[in-house]
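Notes to accompany the following structure.
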Amino acid sequence: MERLGTLEVKNLNKKYRSQNDDLLVLDDINLTVQPGEFISIIGSSGCGKTTFLRLVVGLEKGYEGEILLDGQRLNGPSLKRGVVFQDHRLLPWLSIEKNVGMGLKNPKSGESRKTIQEHLELVGLKGFEKHYPHQLSGGMSQRAAIARALVNRPEILLLDEPLGALDALTRMYMHQELERIWMKEDITMIMITHDVDEAIVLSDKIVVMSSRPGTIKKIIPVPLARPRDRAGYDFANIKEEVLAEFQLHTDHPFTYSI
Ligand SMILES: Nc1ncnc2c1ncn2[C@@H]1O[C@H](COP(=O)(O)OP(=O)(O)OP(=O)(O)O)[C@@H](O)[C@H]1O
Ligand SMILES: [Mg+2]
């Protein structure tokens, strides 16, 4: 049986209306994402990454072209697509288990309680059910946001700079965690990031965007075995290929963020 969850974006244009004329934000975007793939989108600030993600989630309407999930045109938000933003957006007055259960139809049912518990375990938050968001660290809050996005078992999880607010070490730890969750859930993930290393560590393909208007400049495959060796020769080669798209080079020892 063919697996569900193929996302096809065809000739996508998105304009925003400004006072005098239209601002073309996305220009002729074409992208196919296979079920179970991990895709990163990288590009300079303002190139339309969040706009693209909002269109795929169904939060943004009014576009030209087609966004198809298994051949069907998207029609508004759906439980088939979960989303995680840069800030966790947990509700401060609800416990972690209630935050995670928010998206469920009947969060008090036995079945829902089981699902919430399973997802808290999946993201490593077992034991923190009754805690409130202010009692969690940044990394733990993002884990809770990931659990909340996964609790409805979406086919696609969209992540908009999900680790952007975390310190470098927590971030590297979260890379392992995200990879583990992606493998266990066998789900499609589309992640926006400004961190080239993060994109190479996690992705099957890196979509490089250019700006004004936002277009896909290049799609770079990452055919490296997992878990990936950040210090490896092949890793460095792919990094060079990504950075070249931004006229940057790897002769400096620090991590690049675009
Ligand atoms: N609702 C809106 N109305 C008008 N213009 C908008 C709207 N949302 C975004 N834009 C414009 O669209 C362009 C792309 O914005 P978007 O948020 O998608 O960029 P981005 O690539 O996510 O940037 P960043 O990396 O800074 O998050 C920007 O020029 C922005 O000003
Ligand atoms: Mg953005």
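General remarks:
- Subset of region 207-234 (residues that are charged (D, E, K, R) and either surrounded by fewer than 16 Cβ atoms within 10 Å (Cβ to Cβ) or assigned to a strand (DSSP E or B) (or both)): R212, K217, K218, R226, D229, R230, D234
- Selection over region 40-51 of residues that are assigned to a helix (DSSP H, G or I) and more than 9 Å from ligand 2 (Cβ to nearest atom) gives a count of 0.
- Among the residues here, I29 does not qualify as away from ligand 2 (no atom under 14 Å from the Cβ) and within 13 Å of T193 (Cβ to Cβ).
Quick grid of which residues meet (1) open to solvent by less than 30 Å² (accessible area, probe 1.4 Å); (2) in contact (Cβ under 8 Å) with a residue 60 or more places away in the chain; (3) away from ligand 1 (no atom under 16 Å from the Cβ):
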position: K10; (1), (2), (3): no, no, yes
position: G46; (1), (2), (3): no, yes, no
position: F52; (1), (2), (3): yes, yes, no
position: L59; (1), (2), (3): no, no, no
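- Considered as a group, the residues in region 53-99 that are of a type in the set (G, A, S) and assigned to a strand (DSSP E or B) include one that is farthest from E161 (Cα to Cα), and that residue is G65.
- Residue match in region 184-206 (condition: open to solvent by 40 Å² or more (accessible area, probe 1.4 Å), assigned to a helix (DSSP H, G or I) and more than 15 Å from ligand 2 (Cβ to nearest atom)): yes
The values are calculated or read from the model by the stated rules, or taken from the named source; none is laboratory data. Not measured: the values here are computed from a predicted model. For neighbour counting, all protein chains shown are included, and Cβ atoms are generated from backbone atoms with ideal geometry for every residue, glycine included. Just the protein is used for accessible areas: all its heavy atoms, side chains included, with ligands, DNA and RNA removed. Shrake-Rupley method; radii C 1.70, N 1.55, O 1.52, S 1.80 Å.
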